[in-house]
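Presented below is the structure to which this report refers.
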């Protein structure tokens, strides 16, 4: 029986991975003939007028869905409902009283330790969609058999190779993106760049480290490479400039982008000579890294967790420079919550930056391989795969 409708049980359009996922899922479902039902849209929802027009019926139904939920302790929806499960397979409070036909979990968790009661509850669902091979394998290690795999996608109408005029033609531009926190490894980027820039004064670090959740910024206090964390301004933005200079990065050696709409990101990425992601853990496949690869930017990736889905070869050419040396953080710290997390070495990060700096042709080869690899990661393809998994149950 063909799938006719699908409900998305998380906030769509917020400036986060989940918000981007929900927006593209709703749009592609509509375009592929499956009616998307929404229950929550970010007040900061930004979408171009044409895509908004396509989603207008869904936005109108959302108001009705919200009213129906408010009128009942338990609301039973007539379509399958996707629930955004949290870390450790926790069930979200927002959709605790929303029930679908059936309920399906979607997850990008970061802790490989899942409490038995959460395993038992999640095992009752007919399907949990894992956002990375690592997530899928962790759940299978816990004895779960109701797990499917669907990697997230990218908007290839935005993220693709395109020749640009270099804005900094005499600089070696290193891009680093992702919300600022210990898990994302920006402390390693800072420490490695400080060493690299002293050797190569033409290096320019471009950062997109905006983080609307100050509590996660505090996790950087776990880093041995830092003397402190950024101050939070009254508008909740981070004082990245002051923080970098406090860590001996010259003012002319970096540009902080702050918060940027996703539509502006490709223009920035195409200016980069290389992108650096020494992330300690990725529950999914690292959307920012995927977008850089799709633009043909050569990337440096830590070989752990969700990044493993991006480390490949195309016609014998690697899709990235992998950081192979990964110290197991659970053993290093004694914290089992960090099982499967990896700590990249500063020496390898700097050495890999040196390789990229010295060999323009190799940068071009790996960037081109990455772009070809990402051709099959378009949201239209990924959503079709997801709809197929849902239809099967």
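Just so you know, all these numbers are worked out from the coordinates, no wet-lab data involved. Predicted, not measured: the structure shown is a model, and the values here were computed from it. Cβ coordinates were reconstructed from backbone atoms using ideal geometry, including for glycine residues, and neighbour counts include every protein chain displayed.
Things worth noting here:
- With both labels modelled 7 Å from their Cα along Cα-to-Cβ, the residue 119 to residue 101 distance reads 3.4 nm.
- The protection proxy used here, the mean number of other Cβ atoms lying within 10 Å of each residue, ranks peptides 37-49, 167-179 as follows, highest first: 167-179, 37-49.
- Relative contact order for the stretch 172-376, counting Cα pairs under 8 Å that sit 6 or more residues apart, in percent: 22 percent
- For the pair the stretch 354-381 / the stretch 167-201, the C-alpha centres are spaced 19 Å from each other.
- Estimated from helical segments only, the mean residue ellipticity of the chain at 222 nm is -10500 deg cm²/dmol, where each DSSP H run of four or more residues counts as -39500 (n - 2.57).
- Remark: the residue 35-residue 66 segment gains 9.5 nm on full extension, using 0.36 nm per residue and subtracting the alpha carbon distance.
- FRET efficiency, 1/(1 + (r/R0)^6) with R0 41 Å, evaluated for residue 170 and residue 137 via beta carbons: 0.35
- With Cα atoms defining each centre, the stretch 286-310 and the stretch 220-235 are spaced 25 Å apart in the structure.
- Neighbour-count ranking [beta-carbon atoms within 10 angstrom, fewest first] of 381, 206, 189, 81: 381, 206, 81, 189
- Sequence-separation-based contact order of the chain, relative, with Cα cut under 8 Å and 6+ spacing, percent: 16 percent
- More than 31 angstrom apart: percent of Cα pairs within the stretch 172-376: 13 percent
- Using R0 = 22 Å, the C-beta based FRET efficiency linking residue 241 and residue 218 works out to 0.65.
- Potential lengthening of the chain between residue 351 and residue 262 amounts to 28.9 nm, from the contour at 0.36 nm per residue minus the alpha-carbon distance.
- If R0 is 41 Å, the Cβ-Cβ spacing of residue 233 and residue 393 corresponds to a FRET efficiency of close to 0.30.
- Cα-projected label distance for residue 199 with residue 313, points at 7 Å along beta-carbon direction, nm: 2.7 nm
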